[in-house]
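Written out below as structure tokens is the structure these notes cover.
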Amino acid sequence: MALTGIQIFKHLPQTNCKECGVSTCLAFAMNLASAKAALDGCPYVSDEAREILAEASAPPITPVGVGKGVRQATTGGETVLYRHEKTFFNPTLFAGTIQSNLDESDVEKLLKAWNSLQYERVGLNLRPELIALKDVDGNSDNFEKLAKLIAETSEFNLILMSGNVKVMAAGVKSAGFKRPLLYAATLENYEKMGQLALDNNLPLAIKADSLDELITLSDKLTEMGQKDLVLDSGSRNLKQCLEDQVQIRRAALQDQNRSLGFPTITFPSEMTDNPDMETLIASMYVSKYGGIVVLSELTPEAIFPLLLERLNIYTDPQRPMTVTEGIFEIGNPDENSPVLVTTNFALTYFIVSGEIEASKSPAWLLIKDAEGLSVLTAWAAGKFGGDDVGAFVKKSGIMDKINHTELIIPGYAAAIAGDIEEELPGWTITVGPRESAHLPGFLKARQQ
Ligand code: SF4
């Protein structure tokens with residue numbers, strides 16, 4: 001059970017030295033209790049107190065790392081029930097399923113197709129992370145062979161799925177170097193499966209038939225020394241599984257139930273035969289509160305909307321997405337190419353740069369830091385004023401790249417044109433279109 005702020009305070013040095021960044025030990029204790037500070041923030045905690053306080057400072061839902069390499073990812077580590085309270089931290093991981101009786105050539109084809117499911121959005125590469133290799137016939141040779149093929153020839157990380165410890169050990173032998181998640185320990189096999197995971201330092205999923213059984217298994221495996229657990233409540237019924245997700249999250253965050261303080265895994269792949277319904281079910285578990293979502297297969301029409309939903313849900317609602325201030329070249333511009341300026345709100349940047357690209361008119365795009373606000377909002381908030389924009393153009397270095405003195409500003413910021421002219425004497429300030437969609441026509445018309 002987590003400690004309260006007052007209980008934590010009793011174990012702190014109580015010297016109020018302020019080195020932890022707050023003015024009193026009591027304030028630090030309160031921050032520790034609400035997961036707003038880490039115990040390492042105080043350099044004077046005794047070893048004895050550190051041991052006692054470790055539990056209080058541990059995240060209520062353990063973050064569990066899965067995989068190695070470019071698609072390595074962490075699930076869990078969440079601290080709030082609702083995204084607007086703070087933010088969700090570690091995005092739901094997506095897995096496609098491969099059955100262990102497939103031919104290697106078929107698996108190679110799948111890997112090639114699934115590897116191409118990558119999408120650039122707001123400067124991020126969106127892609128699924130995992131392949132769930134599912135033992136369907138108890139053949140450990142095939143399981144070992146396909147685990148090796150997936151681990152060695154693809155970027156994907158693995159969930160090894162088998163209730164048979166011998167088959168699982170074969171998979172671990174060939175793919176253990178990639179830190180796969182082992183699925184799953186059950187009441188029947190947990191001692192051997194737990195030992196296999198411990199011996200190889202691998203994360204382990206638990207599959208139970210109820211939340212009570214899940215708690216029992218979680219406690220037994222924790223006692224064995226397993227720290228990286230993932231929970232499957234066992235339900236393949238849509239409503240029951242959703243209720244389980246909510247109950248597990250609430251128990252971990254509100255009741256500080258350590259037995260359920262781990263990320264969950266859900267299986268839309270086992271809840272319906274209808275691909276569209278499977279995608280809908282998966283989208284529900286992205287919102288509430290699936291740490292890992294296993295799909296039957298990865299298709300563009302399913303994974304693309306799910307990746308976008310995940311991006312939205314796991315974006316910090318209190319911090320707008322931004323791009324770096326600076327000069328961006330679009331389509332190999334030269335010294336005669338037009339210069340446009342806009343704000344560093346990521347969506348603004350990607351829409352404007354996309355429209356310029358579509359116009360086939362090379363241009364210089366100046367991105368000014370406006371704290372991630374869109375043009376109109378930034379102007380209204382005084383973060384995209386004429387003086388600021390003019391000063392930014394001067395220091396940006398664009399004058400070394402062009403032999404003209406014209407700046408195109410967004411139509412919504414027309415009111416700042418006069419102030420920019422004062423800041424940039426001799427420059428022509430042209431007011432561009434209000435809507436980005438009109439940029440291609442605007443830029444093409446200037447070329448004629
Ligand atoms: Fe107290 Fe430690 Fe913070 Fe100093 S650094 S004020 S001793 S909690």
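Taking all Cα pairs closer than 8 Å and separated by 6 or more residues, the relative contact order of the stretch 215-336 comes to 20 percent.
Between the C-alpha center of the stretch 233-286 and that of the stretch 376-404 there is a gap of 49 Å. Think of it as helices only: each DSSP H run of n ≥ 4 in the chain is worth -39500 (n - 2.57), and spread over all residues that comes to -12000 deg cm²/dmol at 222 nm.
Shown for THR324, THR266, THR153: other C-beta atoms within 10 Å of each C-beta, ranked fewest to most, produce the order THR324, THR153, THR266. Each DSSP beta bridge with both residues in the chain is either parallel or antiparallel, and the antiparallel ones are about 25%. In the stretch 400-448, Rg over Rh equals 1.00, where Rg is the alpha-carbon radius of gyration and Rh the Kirkwood radius from pairwise Cα distances.
Just so you know, the Cα atoms of the stretch 1-127 work out to an Rg and Dmax of 21.7, 67 Å. My understanding is that a pair violates if its Cα-Cα distance is over 20 Å; which of LYS86/LYS227; LYS112/LYS360; LYS192/LYS220; LYS178/LYS220 do that in this structure? With Cα atoms farther than 20 Å apart: LYS86/LYS227; LYS112/LYS360; LYS178/LYS220. Seen from ASN403, the other residues with C-beta closer than 13 Å to its C-beta sum to a net charge of -3, counting Lys and Arg as +1 and Asp and Glu as -1. Once you reduce the stretch 295-320 and the stretch 63-122 to the center of their Cα atoms, the two points are 11 Å from each other.
Exposure proxy ranking for VAL136, VAL22, based on other Cβ atoms within 10 angstrom of each Cβ and starting from the fewest, stands as VAL136, VAL22.
Over all pairs of different C-alpha atoms, the stretch 141-210 has a mean inverse distance whose reciprocal, the Kirkwood radius, equals 11.9 Å. Pairwise Cα distances in the stretch 216-302 exceed 16 Å for 53 percent of all pairs.
Counting only the Cα atoms, the stretch 303-434 fills a convex hull of 111 Å³ per residue. Taking Cβ atoms as reference points and 13 Å as the exclusive limit, the residues near SER140 contribute a net charge of 0, counting Lys and Arg as +1 and Asp and Glu as -1. Largest first, the extents of the alpha carbon coordinates of the stretch 73-202 on the three principal axes equal 46, 36, 22 Å.
Each residue of the stretch 226-236 was assigned a 3J(HN,Hα) from its phi angle through the Karplus curve 6.51 cos²θ - 1.76 cosθ + 1.60 (θ = phi - 60°); the sequence is 7, 9, 9, 10, 10, 10, 10, 6, x, 6, 10 Hz, with glycine and proline shown as x.
In units of the rule-of-thumb radius 2.2 N^0.38 Å, the stretch 291-370 shows an alpha carbon radius of gyration of 1.46. Across the stretch 47-128, C-alpha contacts under 8 Å between residues 6 or more apart give a mean separation that, scaled by the residue count, equals a relative contact order of 16 percent.
Modelled spin-label separation between VAL136 and GLN14, with each label point placed 7 Å from Cα along the Cα-to-Cβ direction: 6.5 nm. Distance from the alpha carbon centroid of the stretch 1-31 to that of the stretch 123-193 works out to 44 angstrom. Residues in the stretch 70-77 carry Karplus couplings, in order, of 5, 9, 4, 8, 10, 10, x, x Hz; the curve used is 6.51 cos²θ - 1.76 cosθ + 1.60 with θ = phi - 60°, and Gly or Pro positions show x.
Listed by Cβ neighbour count within 10 Å, with the fewest neighbours leading, SER337, SER34, SER100 appear as SER34, SER337, SER100. Net charge in the neighbourhood of ASN201 (other residues with Cβ under 14 Å of its Cβ; Lys, Arg +1, Asp, Glu -1) is +2. Tell me the Kirkwood hydrodynamic radius of the chain in angstroms, computed as one over the mean inverse distance between distinct C-alpha pairs. Taking the inverse mean of 1/r over all distinct Cα pairs, the chain comes out at 25.2 Å.
We did not get these values from a lab; they are worked out from the coordinates using the rules stated. Computed from a prediction, not measured in an experiment: that's the story for all the values here. Cβ atoms come from the backbone with ideal geometry, glycine included; neighbour counts cover every protein chain shown.
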